[in-house]
Structure formats: structure tokens, C-alpha cells
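Before any comments, here is the structure.
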Amino acid sequence: MTATAPPQARPEKKPPRRGTTRVATAARAVPRHRLSVQRVDLWSVLKLALAFYLSVVLLVLVAGVVTWTTLARAGVIDNLESFLGELLSSNDFQLLSGEILQGGVLISLVLVVLLVILTVVAAALFNVFSELLGGLEIVVEEEPPDGR
């Protein structure tokens, strides 16, 4: 017979919660990678901003048309026209939906152009400041393979 020592009790480790401090992350020895964004391509920023702002405008215009159509079918537009006609002392006051839609499209396109220009100028300023100050540093940590 051989005598074996009883297994030693190990303290139970609890996985760290999300948002914990750096001390808990350093204790696990997670590999870190430091990346630095030094420059942003202005042509890529222009294409991405144009696609983003045009899709937002399209979404807003479709939502506006659907809302207008729903309100017109419910009779809210007619009630609004009669109220505004009484307020302005006009017997034949009408909201012209086609002209309202045209105005919305024109204002939206002007806003898209202005916002795209503003976004590209902001990216150019980022390039200037990152050249002076060293860029934007990003630290990426790998997750352990067991998912904790």
C-alpha cells in the first residue's frame, strides 16, 4: 500500500465581470496588440460618408411618405387643412403633398452635400493632428479560447 496525500483544495476562481479594471485583465496574461491609426484616406471617407448620408436620407424620406399617406387616409391631413384654412381665413387652403416632397428632397440633398464636405474636412483635420500628435492608439486584447 502506498499512501497518497489528499488532493489540496484549490481556491475557486471566478471569471472577471465585464468592465472590470485593468488589474483583473493583467492577472490573466491576455495578449495585447497596440495599433495606431496614423492617417485616414480621404477618398474612402468621402465614399463612406456619401453612402451613409444618402441611406439616411432615403430612410427618412420613405418614413415621411409612409407617415403622410397614413395620416391622409386617416383624415388627419384634411382636418389640418380645414384648421389652417380657418386660421388664415382662406376657404380653399390645401397642403400640396408633391411640393412638400420636392422641398424635402432638395433640402435633404443640400444637407447630404454639406455633411459629406464636413466629414471629409474633419478627416483631413484628423490627418493633420495625427501627424502632429502621433495618431490614435488602439489596444486590442485577445479573448481566451475557452470564451471567458
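In segment 58-82, which residues are aliphatic (A, V, I, L, M) and without any contact (Cβ under 8 Å) to a residue 24 or more places away in the chain? Give the steps one after another, and end with the answer.
Our first condition is that a residue be aliphatic (A, V, I, L, M); within segment 58-82, this holds for 58-63, 65-66, 71-72, 74, 76-77, 80.
Matches in segment 58-82: 58, 59, 62, 63, 66, 71, 74, 76, 77, 80.
Check residue 5 against each of (1) of a type in the set (A, V, I, L, M); (2) at pLDDT 90 or above; (3) not in a helix (DSSP H, G or I) and name the one condition it does not meet.
(2)
When only residues in segment 28-42 that are of a type outside the set (D, E, K, R) and farther than 13 Å from residue 127 by Cα count, which is modelled with the lowest pLDDT? Can you show your working first?
Our first condition is that a residue be of a type outside the set (D, E, K, R); within segment 28-42, this holds for 29-31, 33, 35-38, 40, 42.
With the extra rule that they be farther than 13 Å from residue 127 by Cα, the set shrinks to 29-31, 33, 35.
On the way: 29: 70, 30: 76, 31: 82, 33: 85, 35: 84.
Only one residue tops the list, namely 29.
Taking the residues in segment 93-117 that are exposed (fewer than 13 other Cβ atoms within 10 Å of the Cβ) and modelled with pLDDT under 90 as candidates, determine which candidate is nearest to residue 53 (Cα to Cα).
Selected residue: 100.
Please give the number of the condition residue 55 fails out of (1) of a type in the set (S, T, N, Q); (2) in contact (Cβ under 8 Å) with a residue 12 or more places away in the chain; (3) in a helix (DSSP H, G or I).
Tallying (1) of a type in the set (S, T, N, Q); (2) in contact (Cβ under 8 Å) with a residue 12 or more places away in the chain; (3) in a helix (DSSP H, G or I), residue 55 fails exactly one: (2).
Residues 10, 73: which one is modelled with pLDDT of 55 or more and either assigned to a helix (DSSP H, G or I) or loosely packed, with under 11 Cβ neighbours inside 10 Å (or both)?
Values: 10 fails: modelled with pLDDT of 55 or more.
So the residue among 10, 73 that is modelled with pLDDT of 55 or more and either assigned to a helix (DSSP H, G or I) or loosely packed, with under 11 Cβ neighbours inside 10 Å (or both) is 73.
In a helix (DSSP H, G or I), touching a Ser or Thr at 6+ places or on another chain (Cβ under 9 Å) and modelled with pLDDT of 85 or more: does that describe residue 62? Before you say what the answer is, go through the steps one by one.
Details: in a helix (DSSP H, G or I): yes; touching a Ser or Thr at 6+ places or on another chain (Cβ under 9 Å): no; modelled with pLDDT of 85 or more: yes.
Taking the combined requirement at face value, the residue does not satisfy it.
Can you tell me which residues in segment 83-92 are part of a helix (DSSP H, G or I) and loosely packed, with under 13 Cβ neighbours inside 10 Å?
Taking segment 83-92 as the starting set, the residues that turn out to be part of a helix (DSSP H, G or I) are 83-87.
Once the filter is applied, which keeps residues that are part of a helix (DSSP H, G or I) and loosely packed, with under 13 Cβ neighbours inside 10 Å, segment 83-92 yields 83, 86, 87.
The values are calculated or read from the model by the stated rules, or taken from the named source; none is laboratory data. Because the structure is predicted, anything quoted here is derived from the model rather than measured. Reconstructed Cβ throughout: ideal geometry from the backbone, glycine too, with neighbour counts over all protein chains shown.
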